[in-house]
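A short write-up of the structure that comes next.
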Amino acid sequence: MRAVVVRRFGGPEVLEFAEVPVPAPGPGQVRIRVAAAAVNPVDAATRSGALTGAGVIPAREVLGLGWDVAGEVDAAGTGARFRPGDTVIGLRDRIALPLGAYADYVVLDASAVALAPAGVPLVEAATLPLNALTAAQALDLVETTGTVLVTGAAGAVGGYAVALAHARGLQVVAVAGQADEALVRQFGADGFLPRGPALADRVRALVPGGADAVLDTALLGLDALDAVRGGGEFVAFAAGAAPIPLRGVRVRNVWIRADGERLAELAGILPPRVAGVLPLAEASTAHERLAGGGLRGRLVLTP
Ligand SMILES: NC(=O)c1ccc[n+]([C@@H]2O[C@H](COP(=O)([O-])OP(=O)(O)OC[C@H]3O[C@@H](n4cnc5c(N)ncnc54)[C@H](OP(=O)(O)O)[C@@H]3O)[C@@H](O)[C@H]2O)c1
C-alpha cells in the first residue's frame, strides 16, 4: 500500500510517498481502508522532529504520520466490536507504532474507533476525532461553573472548546483574530476579545477579577495565566506550554487519548470543519499550507 512517511526530520519537503506492507489487525483491532485523513499540527511536529526531540515519539528509521481517520473497516481482529463494511472514524493515538493514517490502510484499536456520523461525508468526518476529543478532555479538567477564557478560539481545538463550554453552561470569552469574531460567536462565545497585547487587562475589564479558567489552545502561556483569577484553572495544550502555577492557579496539561464511545457522542454534536481537500500524494503541500497559518478547519488528505 502507499503511505506518507518521514525518514529524516525537516520541512514539508521531507515527506515521502512510500510503498509499505499492508498492516494486519491483531486481536481487538480493526483495519480501516482510509477514505480521508486530516492534517493536524501534531503531524507537523512529528515531521519536524520536535516530538522525537521532546521524547514523545521514539526515534525510528521510518515514521508514519496521521492521527485522524475516516473510512471503512476492511478487516477485524478477534474481539473487535466492528465488522468489515462498517463506516467509521477513529484516532490513532499510539504514536509509537510505525504507520499512521496518511496511508491506504491504518490499523487501530477498536476502542479508538466510532461509527461515522450518519449523513456526513467521510472527508468532513475525518476532521472530528483529534480536535473534538482534545476539546472535550480539556474541558473535563476544568471544574468551574463560571467564566472560561478560550485562546485560539477560531482554531480547530479552540472552536470545539468554545462550543462544548457553552453547551456546559459556562460563560465563554473567546480570544481570536478580529476577523473571526462572528465565527466564534456562532460557536457559542458570550464575550470576544481580539488577539493582541495586554490580554490580561482586557479580560479583567470584561470579567472583574479575571476568568475562572483558561483553555490556552493558542499557547500564550503567562499572558493567559495572568488573565485568570487567583486560585483559578489553566489548561495547557503542548509540552512546555504550561506556565508556573503562580497565584494558586491550578495548571494542568491535556494529553489526548482515544475514546471511541466519547467520539461517537461528540460526532453527533460538533460540526466538522474542512479547510480543503488534497490527494494523499500532496501531503507536503498540505503541510506547507498548515505552516502558513490562517486555516479555518482542517486540511484533509484522500488516498
Ligand atoms: N495536548 C494535546 O493533547 C493536543 C491535542 C490537539 C492539539 N494540541 C495542540 O493544541 C494547539 C491548537 O491546536 P489546533 O489544532 O486548534 O491549531 P489551529 O487550528 O492552528 O488553531 C490555533 C489557533 O490559535 C490562533 N492563534 C495563534 N496565535 C494566537 C494568539 N497570539 N492569540 C490568539 N490566537 C492565536 C491561530 O490563529 P491563526 O490561524 O490566525 O494564526 C489559530 O486560530 C496546537 O499547539 C496543537 O498542537 C494539543
Worksheet, complete the sentence: Within the stretch 184-198, the count of residues that are more than 10 Å from the ligand (Cβ to nearest atom), touching a strand residue (DSSP E or B) at 6+ places or on another chain (Cβ under 9 Å) and farther than 11 Å from Ala135 by Cβ comes to 6
Discussion item. Quick check on the stretch 258-273. Is at least one of its residues surrounded by fewer than 17 Cβ atoms within 10 Å (Cβ to Cβ) and over 30 Å from Arg81 (Cα atoms)?
Written reply: no
Item to complete: With the condition kept exactly as written, say whether any residue in the stretch 41-48 is hydrophobic (A, V, I, L, M, F, W, C), within 16 Å of the ligand (Cβ to nearest atom), in contact with a strand residue (DSSP E or B) (Cβ under 9 Å, 6 or more places away or on another chain) and in the same structural domain as Glu19 (by TED's automatic domain parsing).
Response: no
Response to the item:
By my count, strands (runs of 3 or more DSSP E) wholly in the stretch 1-106 with at least 1 residues that are over 18 Å from Asp259 (Cα atoms) are 2-6, 16-19, 29-39, 68-76
Discussion item. So, in the stretch 281-303, how many residues would count as being touching a helix residue (DSSP H, G or I) at 6+ places or on another chain (Cβ under 7 Å) and either away from the ligand (no atom under 11 Å from the Cβ) or part of a helix (DSSP H, G or I) (or both)?
Written reply: 9
Discussion item. Based on this model, can you work out whether Ile244 counts as surrounded by fewer than 16 Cβ atoms within 10 Å (Cβ to Cβ), more than 10 Å from the ligand (Cβ to nearest atom), closer than 25 Å to Ala176 by Cβ and not polar (S, T, N, Q)?
Written reply: no
Worksheet item: Condition test on Gly232, is it within 14 Å of the ligand (Cβ to nearest atom) and not hydrophobic (A, V, I, L, M, F, W, C)?
Response: no
Response to the item:
Going through (1) closer than 30 Å to Val175 by Cα; (2) out of contact with any helix residue (DSSP H, G or I) (no Cβ under 9 Å at 6 or more places or on another chain) one by one, Ala118 fails only at (1)
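The values are calculated or read from the model by the stated rules, or taken from the named source; none is laboratory data. Bear in mind that the values here come from a model prediction, so they are computed numbers and not experimental data. Because the Cβ atoms are built from the backbone with ideal geometry, glycine has one as well, and the counts that use them run over all protein chains shown.
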